[in-house]
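Okay, structure first, notes after.
All of the numbers you see were taken from the coordinates with simple rules; none came from a lab. Model, not experiment: these values are computed from the prediction. Reconstructed Cβ throughout: ideal geometry from the backbone, glycine too, with neighbour counts over all protein chains shown.
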Amino acid sequence: MIATGHLINGELREDAKRVHDIFNPATGEIIGQTGLASRETVEEAIAAAAAAFPEWRDTTPLKRARIMFRFRELLELNIDRIAALVGEEHGKIMHDARGEVLRGIENVEYACYAPELLKGEHSRNVGSAIDSWSEFQPLGVVAGITPFNFPAMVPLWMYPLAIVCGNCFVLKPSERDPSAPLFIAELLHEAGLPKGVMNVVNGDREAVDVLLQDPRVQAVSFVGSTPVAEHVYRTATGSGKRCQALGGAKNHAIVMPDADLESAVSALAGAAFGSSGERCMALAVAVAVGDAVGDRLVARMKERMETLKVGSYEDDQNDFGPVITRQHMEKVNGYISSAEEQGAVIEVDGRNPAIAGCENGFFVGGTLIDRVTPEMVCYKEEIFGPVLLVMRVDSMQRAMELIDAHEYGNGSCIFTRDGEAARYFSDHIKTGMVGINVPLPVPVASYSFGGWKRSLFGDLAAYGPDGVRFYTRRKTITQRWPSAGVREGAQFSFPS
Ligand code: NAD
């Protein structure tokens, strides 16, 4: 049995008065327990981070970056071990879990640019013999709260950058799959990080509440569902903290009449069903422009779905695995039933699939639902399962109106051969990330990740240049060294 504790001041700690069961979702078995941190344990982690801050803020960016270089090497060396931890507790297939770790490593590589990222701005002679510059100083103790669906990658969006910017960090990963983030934090210490700079507390709402209210925590990065993101944003900003809270999604793909249908179908299958649809960038809705496109898309997708392989994370031949919990499986099945009741057409039904050897696992097979309309519950809400909805509209304009009217605005994409249409789409669509013939337009680490509307609360997106701004505060200094030539008397008008 795995018993997952906490990493505070460089030491593994137990605090398991309350626990959360960890499942292998492919078998349905309980394989471990997460110790849920009490208020005292979270406060201890904050205190360790606060104590480490004065020395860490004065460490040179180059020294911090060198630790990240070593961390990067350790992540590469341990990629299979991390992927297996992710697979066992989350359920995603090893090839997908390795991809997640690689995308996380990208963020560590970006953090290795620390000396460049923290250079600041400088102007000589803004006034006579006066120089001025802005520098970007760390905030202090920063907290990160992360979801179950990317237990390795999403924490890596946050703390490598926060730490190279000179902050100390407290991470609260998802209690459902805590082993990978804890192991990765141990690797960071193996890479030479001083004690207290990075701490991990496993826990639930109780731990989050402490992080949101403790005055020593200066900023909070959150990724998870929209209701919790909104609560975290309001509470954190209400107690005077900087906050970025990334929420849920409903990502649409427009399929234009001139699209290369074969590649659109392959791209849609991967992006809708990969990781069982438990990605905030999963394509959940295909919007066919014209009935003829809709008919061809559904026919080809049905054929493609016959070859989908679903099963345990250990078999790299599988396309995707189970969903995270039995409750979530029932919720996804409920959305499929509601679509049926509300008049949509279930073209491929993934409810209760027979998976040999995994009879008690939390599986939903690939599901295709046609003739979905905007008032249906399955359309309005985020399903977060391997379910692709198909809607039919008569123009690109109508497809864009549909996307813009949705409460979420994380990503969207268009499949077309028409450059003018693609340019119009990317210029006007109200989502934060756009793909043109690219189904999962997750920005690389040197850009930033964030949606619009109720997919992101806060002004700055995650990682990349926005991450550097989020984890630092600007200080602007104006300097003059008196000399005989420029010495002046008192001035009572505004300096100009
Ligand atoms: P979740 O909101 O249930 O949990 C996220 C984190 O918040 C966890 O650490 C959890 O312990 C904590 N939490 C849960 N309920 C809380 C509460 N009431 N008060 C305080 N903290 C609470 O999300 P999840 O189910 O782990 O993850 C899936 C969701 O995350 C989906 O909605 C998905 O779209 C979203 N997500 C968004 C992005 C993005 O970048 N926008 C990325 C990944 C996942």
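Note on the stretch 251-436: with charges restricted to the Cβ of Lys and Arg (+1) and Asp and Glu (-1), its dipole about the Cα centre is near 120 debye.
Using only Cα atoms and rounding to the nearest 10 degrees, what angle (0 to 90) does helix 291-305 make with the longest principal axis of the chain? Once rounded, the angle reads 90 degrees.
Protection proxy ranking of 174-183, 357-366, by the mean of other Cβ atoms within 10 Å over each peptide's residues and highest first, is 174-183, 357-366. In a reduced charge model with +1 at each Lys and Arg Cβ and -1 at each Asp and Glu Cβ, the chain shows a dipole moment near 1860 debye about its Cα centre.
Would you compute, from DSSP H runs of 4+ residues alone, the mean residue ellipticity of the chain at 222 nm, taking -39500 (n - 2.57) per run and dividing by the full residue count, rounded to the nearest 500?
Taking each H run of at least 4 residues, the total per residue is -12000 deg cm²/dmol.
Placing dummy labels 7 Å off each Cα toward the beta-carbon, the span from Ser128 to Val444 is 5.0 nm.
Of the trypsin sites (Lys or Arg not before Pro) found in the stretch 229-313, those in coil by DSSP whose Cβ has at most 14 other Cβ atoms within 10 Å are Lys309. Under the combined filter of DSSP loop state and at most 15 neighbouring Cβ atoms within 10 Å, the stretch 7-102 retains these GluC sites (Glu not before Pro): Glu14.
With Cα atoms defining each centre, the stretch 144-220 and the stretch 20-61 are spaced 6 Å apart in the structure. Summarising the strand pairing of the stretch 251-436, around 10 percent of its internal DSSP beta bridges are antiparallel. Applying the criteria of a DSSP loop state and at most 14 other Cβ atoms within 10 Å to the trypsin sites (Lys or Arg not before Pro) of the stretch 4-57 yields Lys17.
For the chain, the longest principal axis of the alpha carbon atoms and the long axis of helix 94-111 meet at an angle near 20°.
On C-alpha positions alone, give me the angle between the axis of helix 261-273 and the longest principal axis of the chain, in degrees, nearest 10. Roughly 70 degrees, rounded to the nearest 10. Based on the alpha-carbon gyration tensor of the chain and its eigenvalue square roots a ≥ b ≥ c, which shape applies: rounded if a/c is under 1.5, prolate if not and a/b is larger than b/c, or oblate? Oblate. Each part reduced to its alpha carbon centroid, the stretch 307-351 and the stretch 256-275 end up 18 Å apart.
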